[in-house]
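Undergrad: Got a structure for you, written out below as structure tokens; questions coming shortly.
Read-outs: derived from the displayed coordinates by stated rules, not from any lab. On a predicted model such as this, the values are computed, not experimentally measured, just so you know. All Cβ positions, glycine included, derive from the backbone under ideal geometry; neighbour counts span all protein chains shown.
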Amino acid sequence: AQSVTQPDIHITVSEGASLELRCNYSYGATPYLFWYVQSPGQGLQLLLKYFSGDTLVQGIKGFEAEFKRSQSSFNLRKPSVHWSDAAEYFCAVGISNFGNEKLTFGTGTRLTIIP
Amino acid sequence: NAGVTQTPKFQVLKTGQSMTLQCAQDMNHNSMYWYRQDPGMGLRLIYYSASEGTTDKGEVPNGYNVSRLNKREFSLRLESAAPSQTSVYFCASRPRNQNTGELFFGEGSRLTVL
């Protein structure tokens, strides 16, 4: 079965600084990988996804992520964070065959932005 | 465009009481899901329905039942609530033929069991 590890429970970053959130997955075949963001009191919103092809994927709100098969990682990055990026971020992995009925989520990383 | 709508948004129950969380989507999606979110645990899948008329257990199904009433609606029932079921519950949906895995989430239902 697939699994996802987000090793950082909480990260604090200054506004304008760069950001990297870590995600490691475990799955025997090529995974489908996702990053979701959850603002306080809201549901989850998709930031970006990787299925195949270019290992650097661009998402909404200026985020990007890089798939590294050799490291089983899919880290999320942003060059310069804004106060509105404060939220909880979830990495998720899906099975890589048609149907893709279930996603397995990591435990999340809470991002705090300081002025 | 409402997307995924969950009701109620907040509920307080006493141990042993029953209740049903309602979920409806207006995007003509085939698959629907119920997740629970707990601090430090992320989101865990309770039940899902790949299409109308079918339901399957997820990671943490014990203490819950579901009904896929029609294509739009997928309800989650707690027959005898326990304090361990205090959580935030999210409903999500996805078009079945979309092989992208993106889920569309509701805003959540916060349940407290005393």
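Conditions (1) loosely packed, with under 14 Cβ neighbours inside 10 Å; (2) within 14 Å of another protein chain (Cβ to nearest Cβ); (3) out of contact with any Cys (no Cβ under 8 Å at 6 or more places or on another chain), marked per residue:
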| position | (1), (2), (3) |
| --- | --- |
| B:L13 | no, no, yes |
| B:C23 | no, yes, no |
| B:S67 | no, no, yes |
| B:N70 | yes, no, yes |
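Undergrad: B:S80: assigned to a loop (DSSP other than H, G, I, E, B), within 14 Å of chain A (Cβ to nearest Cβ), among the polar types (S, T, N, Q) and over 26 Å from A:Q6 (Cα atoms), yes or no?
TA: Spelling it out, it is not the case that B:S80 is assigned to a loop (DSSP other than H, G, I, E, B), within 14 Å of chain A (Cβ to nearest Cβ), among the polar types (S, T, N, Q) and over 26 Å from A:Q6 (Cα atoms).
Undergrad: Of all the residues that make up the stretch B:31-50, how many are at negative phi and within 10 Å of another protein chain (Cβ to nearest Cβ)?
TA: Number of matching residues: 13.
Undergrad: Still on this model: Of everything in the stretch A:19-42, what is under 15 Å from the mean Cα position of the chain (by Cα) and loosely packed, with under 14 Cβ neighbours inside 10 Å? Give them in sequence order. Walk me through it before giving the result.
TA: In the first step, residues of the stretch A:19-42 are kept if they are under 15 Å from the mean Cα position of the chain (by Cα); the result is A:19-26, A:31-39.
If the condition is that a residue be under 15 Å from the mean Cα position of the chain (by Cα) and loosely packed, with under 14 Cβ neighbours inside 10 Å, then A:E20, A:S26, A:S39 are the ones that fit.
Undergrad: For the stretch A:19-89, give me every one of the strands (runs of 3 or more DSSP E) that falls completely inside it and has 2 or more residues that are among the polar types (S, T, N, Q).
TA: Values: elements: A:19-21, A:24-26, A:32-38, A:44-50, A:56-58, A:64-68, A:73-78.
Qualifying strands (runs of 3 or more DSSP E): A:24-26, A:73-78.
Undergrad: So how many residues does the stretch A:1-18 have that are in a loop (DSSP other than H, G, I, E, B) and within 12 Å of chain B (Cβ to nearest Cβ)? Quick ask: steps written out before the conclusion?
TA: Going residue by residue through the stretch A:1-18, those that are in a loop (DSSP other than H, G, I, E, B) are A:1-2, A:6-9, A:15-18.
Those left that are additionally within 12 Å of chain B (Cβ to nearest Cβ): A:1-2, A:6, A:9.
Going through the stretch A:1-18 one residue at a time, the tally reaches 4.
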